[in-house]
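First the structure, in the form of structure tokens, and then the observations on it.
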Amino acid sequence: MIISIHQPNYIPWIGYFHKIKCSDHIVFLDDVQYSKNNYINRSKILSSSKKPKWISIPVSFKFRDNINDVFTSENNWIKKHLNIIENYYKKSLYFELVWPDIQKIYNKLDNGMNLSLINSTIIIEIMSLLSIKTKHSFSSKYNIKSKSDMRIIEIIKNIDKNGTYLSGKGGSKYQDEVKFIKNNIILQYVNFDHPTYNQLSEKFYAGLSIFDFVFNVGWKKASTLV
């Protein structure tokens, strides 16, 4: 079984979903420390000025809080984000087809959810719209106290004792491959070539939220390119 593990980011980029699609099981790493000014509570979309702009969930947290301990700090952020997304993408080619689905996704959210649940709910709904059948779970379910590579290895062993870990390319800089070999875990690195597509700007910007992708190409085509 191919297993990937990733923090539940907010409306992630295309590569995030490619990694999930290449996996049999995705584990949302929700019981690790929240990192401020990261992709956990924010993402980039293309603004009306035709340049990338951050869209962020306002959160309240204490130092060393885990992602699943972080909650929103404003009650009206959902409405604000829907308004921003609508205003930025209402001229996109597939807006009329995609917008109702985006509204349905956000209607599943509420301010009582922690940040992990907000993000994973959005991700799981998008997976369904992209026809991605990958199973999912949360790292907090396994109650693992180990750190770094051993944490990853123990999570994988809880799912498949001889599983394959699909890592991002950046993991090659710090992961100890010997540890994976000793624990009968195959270590693979994801290979992803970012597709180009017509955006609402003359210059192409890679790495934007999956929303930018689907508003411009539609769900059907997006499912074949992710």
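The values are calculated or read from the model by the stated rules, or taken from the named source; none is laboratory data. Nothing here was measured: the structure is a model prediction, and the numbers come from that model. Every residue, glycine among them, receives a Cβ derived from its backbone with ideal geometry; neighbour counts consider all protein chains shown. Surface areas here come from the heavy atoms of the whole protein model, side chains and all, with no ligands, DNA or RNA. Shrake-Rupley method; radii C 1.70, N 1.55, O 1.52, S 1.80 Å.
Things worth noting here:
- Residue in the stretch 151-162 that is within 30 Å of Trp54 (Cα to Cα), open to solvent by 70 Å² or more (accessible area, probe 1.4 Å) and not in a strand (DSSP E or B) present: no
- Residue count for the stretch 126-135, restricted to those that are in contact (Cβ under 8 Å) with a residue 24 or more places away in the chain and either surrounded by fewer than 17 Cβ atoms within 10 Å (Cβ to Cβ) or more than 20 Å from the chain's Cα centre (by Cα) (or both): 2.
- Only one of the listed residues (Lys62, Lys36, Lys53) is at pLDDT 95 or above and basic (Lys, Arg). That residue is Lys53.
- Enumeration of residues in the stretch 100-113 that are open to solvent by less than 30 Å² (accessible area, probe 1.4 Å) and touching a residue at least 60 places away in the same chain (Cβ under 8 Å): Ile102
- The single condition from (1) more than 24 Å from Lys21 (Cβ to Cβ); (2) in a helix (DSSP H, G or I) that Ser116 fails is (1).
- Scanning the stretch 196-207 for residues that are open to solvent by less than 40 Å² (accessible area, probe 1.4 Å) and touching a Phe, Trp or Tyr at 6+ places or on another chain (Cβ under 8 Å) gives Tyr197, Gln199, Gly207.
- In the condition set (1) open to solvent by 50 Å² or more (accessible area, probe 1.4 Å); (2) within 19 Å of Tyr89 (Cβ to Cβ), Ile210 is compliant with all but (1).
- Qualifying residue in the stretch 171-179 (condition: surrounded by 13 or more Cβ atoms within 10 Å (Cβ to Cβ), touching a Leu at 6+ places or on another chain (Cβ under 6 Å), in contact (Cβ under 8 Å) with a residue 12 or more places away in the chain and not aliphatic (A, V, I, L, M)): no
- Candidates are the residues of the stretch 48-105 that are in contact with a Ser or Thr (Cβ under 7 Å, 6 or more places away or on another chain) and charged (D, E, K, R); the one that is nearest to His6 (Cα to Cα) is Lys53.
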